[in-house]
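*Asks:* Dropping the structure in here first, questions after.
The values are calculated or read from the model by the stated rules, or taken from the named source; none is laboratory data. What you are looking at is a predicted structure, and each value in this text was computed from that prediction instead of being measured. Don't worry about glycine lacking a Cβ; one is built from the backbone with ideal geometry, like all the others, and counts go over all protein chains shown.
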Amino acid sequence: MKFIYDEIKIKDNIREMFSAISYGDIVSGELWYKSANQWCNEIAEENNTQLIKICGITSVMSPMVSWKQNKEYVKAFMKRRKKHTTIQHNKAKRINNTSDYNEIYNIIGGMKTQAFFDCIYNHKTSRRVVCDRHMITISGQPTKDITTCQYKFLEKCYIDVANENNILPSTFQCILWNHYRNSNNLNEKYG
């Protein structure tokens with residue numbers, strides 16, 4: 001199925017989902033990246049390392065796993081145990097050897113995972129949107145596999161609608177993400 005470059009329709013789909021959110025979705029969305037940052041900070045302190053490293057490691061351990069699994073993989077990595085793919089594990093090793101934001105960002109690679117890193121690490125200021133399969137579905141796209149160009153287009157649509165509502169884009173994404181997961185009973189599956 002093809003990606004549909006219809007900015008008006010995509011933004012209307014996003015607005016429609018946003019109009020259906022609950023107060024609980026707003027509260028949990030506003031707190032999600034803050035609590036993820038706090039969790040990363042706790043792991044950093046437990047392991048006598050820097051927050052930026054744990055945020056990066058958390059990001060590279062995130063593809064195709066629930067948040068609960070993601071955290072387990074990070075803890076296992078810090079104990080020198082491999083839980084994720086070799087590629088992700090090797091990225092985590094490289095991240096663990098630097099504290100430079102740009103270097104970590106480049107090691108991470110994929111746009112979704114880079115956005116996740118930025119949203120966790122810069123939870124108070126990030127203007128990024130994690131366009132995962134749920135966010136792609138909310139936008140009305142018939143496909144879950146998108147190119148870099150399509151990702152950028154979709155992210156811009158979310159940022160524009162977030163700006164219309166005077167909400168930080170990363171927070172806006174979390175609000176919608178929580179609403180979608182709650183509405184579709186996905187919290188148990190994805191943690």
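*Asks:* From the list Ser66, Ser19, Ser35, which one is touching a residue at least 40 places away in the same chain (Cβ under 8 Å), more than 20 Å from Lys152 (Cβ to Cβ) and either surrounded by fewer than 16 Cβ atoms within 10 Å (Cβ to Cβ) or aliphatic (A, V, I, L, M) (or both)?
*Replies:* Going through Ser66, Ser19, Ser35 in turn, the sole match is Ser66.
*Asks:* Give Lys144, Lys156, Lys112 a once-over and let me know the one that is farther than 24 Å from Val27 by Cβ, crowded, with 20+ Cβ neighbours inside 10 Å and of a type in the set (Lys, Arg). Spell out the reasoning first.
*Replies:* Numbers: Lys144 fails: crowded, with 20+ Cβ neighbours inside 10 Å; Lys156 fails: crowded, with 20+ Cβ neighbours inside 10 Å.
The match here is Lys112.
*Asks:* Please work out which one of (1) exposed (fewer than 14 other Cβ atoms within 10 Å of the Cβ); (2) of a type in the set (Lys, Arg); (3) farther than 17 Å from Met1 by Cβ is the condition Arg128 fails and give its number.
*Replies:* (1)
*Asks:* Filter segment 48-62 for residues that are among the small types (Gly, Ala, Ser) and assigned to a loop (DSSP other than H, G, I, E, B) and give the result.
*Replies:* So the first thing to find is which residues in segment 48-62 are among the small types (Gly, Ala, Ser), and the list is 56, 59, 62.
Correct list: Ser62 only.
*Asks:* In this structure, does Val161 turn out to be closer than 29 Å to Met1 by Cα, assigned to a helix (DSSP H, G or I), touching a Phe, Trp or Tyr at 6+ places or on another chain (Cβ under 8 Å) and not charged (D, E, K, R)?
*Replies:* Here the answer is yes, as Val161 does meet what is asked.
*Asks:* Within segment 22-32, count every residue that is free of Cβ contacts under 8 Å to residues at least 60 places away in the same chain and among the β-branched types (Val, Ile, Thr).
*Replies:* Selection size over segment 22-32: 1.
*Asks:* In segment 132-183, what residues are of a type in the set (Lys, Arg) and touching a Lys or Arg at 6+ places or on another chain (Cβ under 7 Å)?
*Replies:* Arg133, Lys144
*Asks:* Counting only residues that are at pLDDT below 95, of a type outside the set (Phe, Trp, Tyr) and not in a helix (DSSP H, G or I), how many does segment 1-47 have?
*Replies:* 7
*Asks:* Hey, among the residues in segment 84-93 that are crowded, with 17+ Cβ neighbours inside 10 Å and over 16 Å from Ala44 (Cβ atoms), which one's modelled with the lowest pLDDT?
*Replies:* His84
*Asks:* Can you name the residue in segment 94-131 that is in contact with a Cys (Cβ under 7 Å, 6 or more places away or on another chain) and outside any loop (DSSP other than H, G, I, E, B) and, of all such residues, is modelled with the lowest pLDDT? Break it down into steps so the answer makes sense when it comes.
*Replies:* The first filter runs over segment 94-131 and keeps only residues in contact with a Cys (Cβ under 7 Å, 6 or more places away or on another chain), leaving 112, 117, 120-121, 126, 128, 130.
Of the ones still in play, those that are also outside any loop (DSSP other than H, G, I, E, B) are 112, 117, 120-121.
Numbers: Lys112: 94, Phe117: 98, Ile120: 98, Tyr121: 98.
So the residue we want is Lys112.
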